[in-house]
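Please treat every number below as a calculation from the coordinates, not as lab data. From a predicted model like this one, the values you see are computed outputs, not experimental measurements. Because the Cβ atoms are built from the backbone with ideal geometry, glycine has one as well, and the counts that use them run over all protein chains shown.
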Amino acid sequence: MTSKLASLNQWVDEVAALTTPEKIHWCDGSEAENQALVELMLERGDLIELNQDTHPGCYLHRSDPKDVARVEKLTLVCHPNREDAGPNNQWMAPDEANAKIDALFEGCMKGRTMYVVPYCMGPIGSPIARCGVEITDSPYVVANMRIMTRMGKAAQERIEREGSFVKGLHSTGELDPERRWIMHFPEELSIKSYGSGYGGNALLGKKCHALRIASHQARTEGWLAEHMLIVGIENPQGQIHYVAAAFPSACGKTNLAMLIPPEGYRNNGWKIWTVGDDICWMTPGEDGRLWAINPEAGYFGVAPGTSAKTNPNALAMLDRNAIFTNVAVTADMQPWWEGLPDGKPVKDWQGRDVDPANGPAAHPNSRFTVSASQCPSWSPEAESSQGVPISAIVFGGRRQSLVPLVFEARDWTHGVLVGASMASETTAAATGQVGVVRRDPMAMKPFCGYNFADYFAHWLSFDTPDAKLPKIFHVNWFRKNADGKFLWPGFGENMRVLEWMLKRVTGQAEGVASPIGTLPADGELNLDGLGLDDDAVAELFAVDRDGWRDEMVAIGEYLDSYGDRMPAALKAERQRVADALDAAEAAP
Ligand code: GTP
Ligand code: MN
Ligand code: MN
């Protein structure tokens, strides 16, 4: 099979001439094709069969031990002009970058099959959706792309109708960290990734296309491509409000997206609907509201910490048709990771006998890949071509001190500042040190395909007279007490914070103003039955004036580091908050 689209055939021919594969396989996305790939991978040892009685259709993939996370240092955004990539990105001139990586691709698929994978990010019929084609020599990538995107025949037909697509070229190469690049060419709508088989580096529809390339397209076309979950919250009256939330990697998006409300809420008729857990494309509708789609069709979620207690919906979808990457296994070949109360791991993520001296049995960034429709709280609106209207945007990070449980921005400009000043402790989702606080504006530090100063300006530009913009909030589930324990129970109990946000959206809560934003007034946020002592409650909602003044200085330095390109409106907004802190008599 080839394509009706000459430009697609021509590109495939060029890539084949460069990489010299033995065979070319055009993926149609069928069940039969998937079965054949699974059998091939079992034969080659790329996949290991898990217990088919307890976990039908589930397989384990063990990656190279040096290839377990995104590598930000080797991830480049290659605009012709360095300034357009911004200090937030690694940059190389496009000609130099293309030459460098093409030299690695030369002959790299010799003796192997080259897979041509047409995919659509978003519902096939949606005008907001965008298509791409990934060429890869990894059957593991093909199997994951089939779960994570609308992959195959229908996507190819849409590409042939539209005539344009994002080109993604991937090879696992030698898996040598010294010969590894993940390069983006936004002006060419092209991605080239060599030397890694890890999710974010290799499943090019996800971070590479749906965030880095798409954010650049979104800027030029007037929409937003964000690292956000989308969740629907149904109240006892049966109304559903949709909330989009940006937290950095491994900071709770997948958990919040499929939260199960506490029993009291469930009994009153509250329900949660999952639209997306990682990426959100938002576009202004004719009614002035922002409408959002989840461009993905599956979840690539963090396994450790996922349990019947923390995320029962995730656990419920992981007993069938899932690919596990770098988890441990029990004696009877069931998948296992830290945080599961039952089961005993016997082989760790590298296939060694479990030995605590080797660290956790499952890699801290071990993941599951599973179809979104298997989630018990999956929303039928996830297939809607116009998307869902967004009532609130939430920013959040992992901050053990300073940042209160929840506050609301005064208006859109303040909300953009709140997003732009986000900071969070680093996690195992990227290589490097864990637990260091770094600025991660809108959780997009690793994913924004252009200069952050331009990105903030783009966000500010949505504030037009006809716009009916969502309210913007900030949350922190991760504040700790002096003993290092989390002050807030989190997970399902986060429903209480969502409820307060919706009360604000619908005008049912007054809130109380503070220099950093609006906090819940006494009694507005339901804390019944949590057993929190007064000190914990006071700390969760405290605004430490001196601490925040220092934070505003740090934020000022951060904004200034972008020079004149940083929007003046954002700098002025920071000054306004700093002045309000100075003027405040004492913390509320
Ligand atoms: P990516 O998929 O990498 O973008 O990350 P994510 O934002 O989806 O992260 P995920 O939901 O998988 O959260 C990962 C970690 O956050 C796990 O260790 C969870 O246990 C922890 N976590 C999630 N929600 C909460 C919460 O409300 N409170 C606390 N204390 N931990 C949480
Ligand atoms: Mn993510
Ligand atoms: Mn996630």
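Table for the structure above
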{"item": "Antiparallel DSSP beta bridges within the chain, percent to nearest 5", "result": "65 percent"}
{"item": "Distance in nm between pseudo-label sites at residue 553 and residue 350 (7 Å out along the Cβ direction from Cα)", "result": "4.5 nm"}
{"item": "Pair residue 434, residue 310: separation of 7 Å Cα→Cβ label points (nm)", "result": "1.1 nm"}
{"item": "Members of 206/445; 110/207; 66/110; 23/207; 23/192; 309/344 lying beyond 25 Å, as alpha-carbon distances in this model show", "result": "110/207; 23/207"}
{"item": "Inter-centroid distance (Cα atoms) of region 40-118 relative to region 6-28, Å", "result": "18 Å"}
{"item": "Computed FRET value (nearest 0.05) for residue 564 with residue 110, which takes r as the C-beta separation and R₀ as 45 Å", "result": "0.35"}
{"item": "Leading residue at positive end of dipole, the chain (Cβ point charges), from 115, 489, 397", "result": "115"}
{"item": "Spin-label zone in region 39-55 - amide nitrogen under 11 Å from a point set 7 Å from the Cα of residue 320 along the C-beta vector", "result": "55"}
{"item": "Charge dipole (debye, nearest 20) of the chain; +1 at Cβ of Lys and Arg, -1 at Cβ of Asp and Glu", "result": "480 debye"}
{"item": "By average C-beta atoms within 10 angstrom, highest first, the peptides 366-373, 252-259, 460-467", "result": "252-259, 366-373, 460-467"}
{"item": "³J(HN,Hα) computed for each position of region 96-102 - Karplus, 6.51 cos²θ - 1.76 cosθ + 1.60, integer Hz, glycine/proline x", "result": "5, 5, 4, 5, 4, 7, 4"}
{"item": "Whether region 32-181 is rounded, prolate or oblate, judged on the alpha carbon gyration tensor where a/c under 1.5 counts as rounded", "result": "oblate"}
{"item": "Helical mean residue ellipticity (222 nm; -39500 (n - 2.57) per DSSP H run of 4+; nearest 500) of the chain", "result": "-8000 deg cm²/dmol"}
{"item": "Lys, Arg +1 and Asp, Glu -1 on Cβ, resulting dipole of region 39-167 about Cα centre, debye, nearest 20", "result": "200 debye"}
{"item": "Selection from 501, 406, 294 lying farthest towards where the dipole of the chain points positive, charges on Cβ", "result": "294"}
{"item": "Whole-Å distance, taken between Cα centres, linking region 496-571 and region 257-336", "result": "26 Å"}
{"item": "For region 82-194, share of DSSP beta bridges that run antiparallel, in % to the nearest 5", "result": "60 percent"}
{"item": "Ranking of 110, 207 by count of other Cβ atoms within 10 Å, fewest first", "result": "110, 207"}
{"item": "282, 228 arranged by Cβ crowding within 10 Å, fewest neighbours leading", "result": "282, 228"}
{"item": "Shape metrics for region 299-374, restricted to C-alpha atoms - Rg then Dmax, Å", "result": "11.7, 39"}
{"item": "Nearest-ten-degree value, helix 153-162 long axis tilted from longest Cα axis of the chain", "result": "80 degrees"}
{"item": "Cα gyration tensor shape for region 239-310, rounded if a/c is under 1.5, else prolate or oblate", "result": "oblate"}
{"item": "Hits among aspartates and glutamates - C-alpha to C-alpha of residue 253 under 18 Å, sequence gap 8 or more where chains match", "result": "226, 277, 278, 296, 425, 440, 493, 499"}
{"item": "Residue-by-residue Karplus 3J(HN,Hα) for region 349-360, coefficients 6.51, -1.76, 1.60, Hz, glycine and proline x", "result": "5, 9, x, 7, 4, 5, 9, x, 4, 8, x, x"}
{"item": "Between helix 495-505 and the chain: long-axis angle, C-alpha atoms, 0 to 90°, nearest 10", "result": "70 degrees"}
{"item": "Tilt relative to the chain, helix 31-44 - C-alpha long axis, 0 to 90 degrees, to 10", "result": "80 degrees"}
{"item": "In order through region 169-186: 3J(HN,Hα) via Karplus (6.51 cos²θ - 1.76 cosθ + 1.60), integer Hz, x for Gly, Pro", "result": "10, 9, 9, 6, x, 9, 6, 8, x, 7, 10, 9, 9, 10, 10, 10, 10, x"}
{"item": "Förster-model FRET efficiency, 30 Å R0, residue 528 and residue 506, C-beta, rounded to 0.05", "result": "0.90"}
{"item": "Mean Cβ count within 10 Å, highest first, over the residues of peptides 554-560, 328-334, 163-169, 473-479", "result": "473-479, 163-169, 328-334, 554-560"}
{"item": "Theoretical gain in end-to-end length, residue 39 to residue 153 [0.36 nm per residue, Cα-Cα removed]", "result": "38.9 nm"}
{"item": "Cut-off 14 Å (backbone N to label point 7 Å along Cα→Cβ of residue 73), residues of region 234-270", "result": "none"}
